[in-house]
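For reference, the structure is listed below as structure tokens.
Every read-out reported here was derived from the displayed coordinates using simple, explicitly stated rules and does not represent laboratory data. The model shown is predicted, which means the values in this text are computed figures rather than measured ones. So basically every Cβ, Gly included, is an ideal-geometry build from the backbone, and we count neighbours across all protein chains shown.
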Amino acid sequence: MDPSVSASLAAYAGPDEEFVERAFREILRRPVDEESRTRALGMLADGTLSRSTFLHELATAPESARVRELDDAVALGLGARGRGERLAWLQAPGGTDERVVEIPWVLSRLVSAGRVLEVGYAYAEPVYLAGLLRAGVELVGLDLAERDVDGIERITADVRAVPLPDDSVDQALLVSTLEHVGADNSGYGLAAEDDPGSRADALRELARVLRPKGSLLVTVPLGEPGDHGWFRLDDARGWTALFTSAGLFVEEQEAYELTEEGWRAAPAFEAAGVGYGDRGPAASAVLCTELSPGRLRRLATPGGIARTVKRRARPLRHGVRLKSDT
């Protein structure tokens with residue numbers, strides 16, 4: 001049979017219901033909702049909608065643009081990790097939230113193997129969790145909320161009291177999570193608190209469970225310092241002071257801000273007068289930091305000072321752009 005005819009027949013193989021379910025999962029990465037299912041099946045049955053047009057509708061929907069942005073971020077991060085490249089000076093399109101920067105920055109620094117603790121996984125982006133699972137690490141999710149994800153060892157607990165032994169984790173990840181610790185988390189179905197000291201407690205607890213050569217990757221929103229009830233906003237100096245007060249050593253740090261041209265590296269970012277949501281759908285700027293557990297412990301190791309100086313003297317790389325059609 002002519003290959004093009006064969007391909008056209010194959011496109012209509014199987015019942016419409018299976019096709020609709022598969023299309024939603026592959027393009028929008030979620031199960032089809034009942035309203036969309038009823039509409040699609042009805043129109044496919046009476047011939048007012050073809051399968052090609054249905055796929056086009058899904059692929060051009062605003063929801064699909066968000067999926068593509070996050071998928072690009074994960075692909076960029078995992079690709080860099082595979083090459084042994086730590087992404088820096090990232091660029092991403094405007095109209096997006098900080099995840100398009102945080103995700104590739106963190107994934108490019110994900111350990112090659114070992115036990116990784118993802119704090120706050122229950123509300124993490126699904127494509128990000130899938131990227132962590134694809135990376136092949138031993139993934140442990142820690143959260144007070146619960147989420148059923150195959151492949152993740154789940155621990156329902158407070159990050160201020162991690163039920164793990166000392167020196168038992170190779171890496172911990174705090175992606176847009178630290179700012180919510182000790183805050184009003186009732187919007188997430190959790191308790192409302194007002195305990196600013198909890199953030200330092202959480203960092204000290206993570207330092208405890210990290211192995212001596214382990215690392216902690218933290219991303220937090222940047223802006224005019226202030227308590228917003230459900231999260232804390234601070235400038236780079238404030239966040240860094242918090243990290244060091246918890247006994248952590250700043251190995252690497254980058255600030256990014258959302259400009260008129262999109263997300264750009266901002267080594268001289270001025271937080272004064274910059275609020276959350278002022279420039280886009282979420283944070284106006286974000287700080288990405290790699291920490292190690294214990295400045296003195298690290299520097300006391302053979303060659304520790306030399307390795308630290310070498311890393312800090314590493315030249316900055318050129319930007320990597322996340323492309324988007326939106």
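Observations
- For region 211-291, the fraction of alpha-carbon pairs in successive 10 Å shells from zero, as %: 18, 50, 26, 6, 0
- Residues considered: Y188, Y276, Y121. Largest GNM mean-square fluctuation over the chain, using C-alpha springs under 10 Å, is found at Y188.
- The angle between the Cα long axis of helix 236-245 and the longest principal axis of the Cα atoms of the chain comes to about 60 degrees, rounded to the nearest 10.
- Annotation for R208 and E138: the two label points, set 7 Å from Cα along the Cα-Cβ direction, are 2.1 nm apart.
- Across all directions, the average projected area of the convex hull around the alpha carbons of region 91-226 is 8.8 nm².
- Base-10 log of normalised Debye intensity for the chain (one unit scatterer per alpha-carbon) at q = 0.07, 0.14, 0.15 Å⁻¹: -0.33, -1.13, -1.27
- Net length gained if the chain between A59 and R83 were fully extended (0.36 nm per residue, minus Cα distance): 5.6 nm
- Calculated FRET value between D166 and D71, using beta carbons and R₀ = 56 Å, to 0.05: 0.90
- Label sites at T38 and E21, each approximated as a point 7 angstrom past Cα along Cα to Cβ, lie 1.9 nm apart.
- The loop-placed GluC sites (Glu not before Pro) in region 1-48, going by DSSP, include none that has at most 16 neighbouring Cβ atoms within 10 Å of its Cβ.
- Springs join every pair of Cα atoms under 10 Å in this Gaussian network model of the chain, and among T177, T244, T48 the largest mean-square fluctuation is at T48.
- Seen against the Cα atoms of the chain and their longest principal axis, helix 198-209 is set at about 90 degrees.
- Choice from G223, G141, G42 showing the highest fluctuation, given a GNM over the chain with Cα pairs closer than 10 Å: G42
- Acute angle (nearest 10 degrees) that the helix 34-46 long axis makes with the longest principal axis of the chain, alpha-carbon atoms: 30 degrees
- Electrostatic bookkeeping for G226 treats Lys and Arg as +1 and Asp and Glu as -1; over the other residues with beta carbon under 9 Å from its beta carbon, the sum is -2.
- Cα convex hull volume per residue for region 3-60 (Å³): 84 Å³
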